[in-house]
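Participant: Shown below is the structure under consideration.
The values are calculated or read from the model by the stated rules, or taken from the named source; none is laboratory data. Because the structure is predicted, anything quoted here is derived from the model rather than measured. Note: ideal-geometry Cβ built from the backbone for every residue, glycine included; neighbour counts use all protein chains shown. For accessibility, only protein heavy atoms count, side chains too; no ligands or nucleic acids. Shrake-Rupley method; radii C 1.70, N 1.55, O 1.52, S 1.80 Å.
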Amino acid sequence: MTIKKFQGKTEEEAVRKAKEELGPDAVVMNVRALPPNGFFKAFKKSTFEVTAAVEEREERMDSGMAFRNMQKMHDTINMAADEPIRIPPLSGETAEQNKAEQSAIEFLKRNASLLKKEDMQERERIEEKLENLQNILEKQLVSEKKAEPEEKELVKPDVKKNENLSFIKVLYETMITNEVNERYINQIMDEVEKVNWNGNGVDHILSNVYQKMILKFGQTRGIEMTGKKPKIIFFIGPTGVGKTTTLAKIASKLKVEQGKKVAFMTADTYRIAAAEQLRIYANILDTPLAIIYSAEELNQGIEKMEEYDLILVDTAGFSHKSATQKEDAKKLIQNIEAYYDYEVYLVLSATTKYKDLTEIVDVYKEIADYKLIFTKLDETTAYGNILNLRLYSGAEVAYVTNGQNVPDDIELFNSQKIVKRLLGGS
């Protein structure tokens, strides 16, 4: 993993520099405004600093190279927390000790369901340590100065090893409790293990797991204008996930906060009250609404609304097992005139079981490529399926909703907030 900082007169300029050097897959992990300095600072504008990261392309990495990369990373970014994060030197353990520890780690990762629940005092101590380290998750990428070197406390290798293994166990079980799929936990642990955590403390392990999970989510992007007008936005998904309410929330944000001209269309002619619900939102926002029954009517309706910036299209929710309705939705989207730019958002409930979600995303992938919107975050305490579906489908997570209030209960997806919850934070 490569992490670098870039500066620019605007946030967009700094992000562009990051993309140019690190490539289009670079993920922005932090943005902050830098106040002007110098004698004439009152007449100067603030600049912006972006911290970006990108995954290494190599398939495998030896422990020595990984250790050097971690040293380079710590030279590049500043991390501040209640306890300074450092990389202690590699311990001089024998090959037999390394092998034994490796076996223990593999057992912990592969057999979480078999882990014993005894020794609650040790478990509580490590959980308390995890809670105390939440400050790392919030501050590790925004420190202004590097922590000053301090005299290292001498810790016996066996004590540190046992503490690390106990911490890994708690971290693993915390993600299991938050319903992160075991397959993806193992994948994350395997990748983080390449940095060689044998001689490092729990803050170092947590920092690397956190950063790896942020990179797994990638960069968040909502609805963006491309210059062509109007841009068509389709909302698809199963029945009852909140597509219409989500559409109204996004429309309110676009019109009120960004001043965009927005129009509505609905292809949901299956539910009696569907069009009426959207009509209420249209009247409140003072925006036009058209009801369409076919792909042909969709194109005709778009022609009549060409002066608008965006047209948000509500579609009928259907069971992923309904082949007929799937073909209707596919025909509607794929028959749109090639001149128009469009995006598709698959709306899913965060309360749906993982097995059902995988079947749903597989079926809707046959309709169109999409970004993800997760609703009903206020109705669950386990957010693991957000990470599960991101990794399973490869689709970006764009928005999340956490209530019924329009337009307040929606926001751009914040990977740092979700990762913190998945690791046991609040």
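Participant: Regarding the stretch 275-287, can at least one residue be identified that is under 22 Å from I373 (Cβ atoms), among the hydroxyl-bearing types (S, T, Y), in contact with a Pro (Cβ under 6 Å, 6 or more places away or on another chain) and at pLDDT 90 or above?
Facilitator: No: zero hits.
Participant: Would you please name the residue that is nearest to K353 (Cα to Cα), looking only at residues in the stretch 392-426 that are at pLDDT 90 or above and among the small types (G, A, S)?
Facilitator: My answer is S393.
Participant: I need the full set of residues from the stretch 246-275 which are among the β-branched types (V, I, T) and either surrounded by fewer than 23 Cβ atoms within 10 Å (Cβ to Cβ) or assigned to a strand (DSSP E or B) (or both), in order please.
Facilitator: V256, V262, T266, T269, I272
Participant: Another question about this same structure. Among (1) small (G, A, S); (2) surrounded by fewer than 18 Cβ atoms within 10 Å (Cβ to Cβ); (3) over 19 Å from Q211 (Cβ atoms); (4) at pLDDT 80 or above, where does G23 come up short?
Facilitator: Of everything listed in (1) small (G, A, S); (2) surrounded by fewer than 18 Cβ atoms within 10 Å (Cβ to Cβ); (3) over 19 Å from Q211 (Cβ atoms); (4) at pLDDT 80 or above, G23 misses just condition (3).
Participant: Of the numbered conditions (1) farther than 28 Å from A274 by Cα; (2) part of a loop (DSSP other than H, G, I, E, B), R390 fails exactly one; give the number of that condition.
Facilitator: (2)
Participant: Return the total of residues in the stretch 384-398 being touching a residue at least 60 places away in the same chain (Cβ under 8 Å) and open to solvent by less than 30 Å² (accessible area, probe 1.4 Å).
Facilitator: Qualifying residue count, the stretch 384-398: 6.
Participant: Right, another one. With the checklist (1) in contact with a Leu (Cβ under 9 Å, 6 or more places away or on another chain); (2) closer than 19 Å to L387 by Cβ; (3) open to solvent by 10 Å² or more (accessible area, probe 1.4 Å) in hand, flag the one item Q219 doesn't pass.
Facilitator: In the conditions (1) in contact with a Leu (Cβ under 9 Å, 6 or more places away or on another chain); (2) closer than 19 Å to L387 by Cβ; (3) open to solvent by 10 Å² or more (accessible area, probe 1.4 Å), Q219 misses (1) alone.
Participant: Could you tell me which numbered condition Y281 fails, if it satisfies all but one of (1) free of Cβ contacts under 8 Å to residues at least 60 places away in the same chain; (2) more than 25 Å from the chain's Cα centre (by Cα); (3) part of a helix (DSSP H, G or I)?
Facilitator: (1)
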